[in-house]
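Take a look at the structure below.
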Amino acid sequence: MMMRNTLQTWGAPAKWLHWTIAALVLAQIPLGLAAESWRLSPTKLDLFVWHKSMGMLILALMVVRIAWRLANVAPSSPAATPPLERLAGQLSHLLLYLLLLLLPVTGWVVNSAANVPFRIFWVIPVPAIVEPDKALADGAARMHATLCLLLVLLLAVHVGAALRHHFLEHNDVLARMLPGAGDTR
């Protein structure tokens, strides 16, 4: 199993972080919508604890992912990739990383400003990062929802680009992020 990234493929930690965060995000979106729309009940409170806990987990994993990315090379784009497409790929990844940091932080602000005590997975207490403030809580909640919508749109572009590379361009951009791909080097 290859640990470090190379110019040809992603290392196992990068792949694990990518797919773990992807799975958490794909669970987060419907979980957040369900928590928001559920009638006030113990179930609603539990849904929010799961949503907030997974958000904090995503935040922690993103910090690790960014540290790993900064400490490793990224695989090169295929040689035939036009410069504008390379730039678009770099900018979309940067925006994905930014959104995956800002979404948990805005959720944390909402929770703190709403003065709601919170423990990650009912165990680890999370300190408030702002003072209680209803107007701030409402504004941060609107920002959180807007960022979520942007993330969904960007994820559609990201998945579409990966599928385009695989099925139309017939290159290894998607394959080299799959578990096991390139691990024999």
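Readers should treat all values here as calculations from the given coordinates under stated rules, not as data from a laboratory. Note that the coordinates shown come from a computational prediction; the quantities given were computed from them, not determined experimentally. Positions of Cβ are backbone-derived with ideal geometry, glycine not excepted, and every protein chain shown enters the neighbour counts.
Numbers at a glance
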| read-out | value |
| --- | --- |
| Computed label-point distance, nm, for sites Leu153 and Leu45 using a 7 Å Cα→Cβ extension | 3.7 |
| Tilt relative to the chain, helix 83-113 - C-alpha long axis, 0 to 90 degrees, to 10 | 20 |
| Estimated inter-spin distance, Leu7 and Val123, nm [label 7 Å along Cα→Cβ] | 4.4 |
| Cα coordinate range in the stretch 1-77, projected on the principal axes (Å, largest first) | 51, 21, 19 |
| Computed lengthening from Ala60 to Arg164, 0.36 nm per intervening residue step minus Cα-Cα distance | 34.4 nm |
| Distance (nanometres) between label positions extended 7 Å along Cα→Cβ at Glu36 and Ala175 | 4.0 |
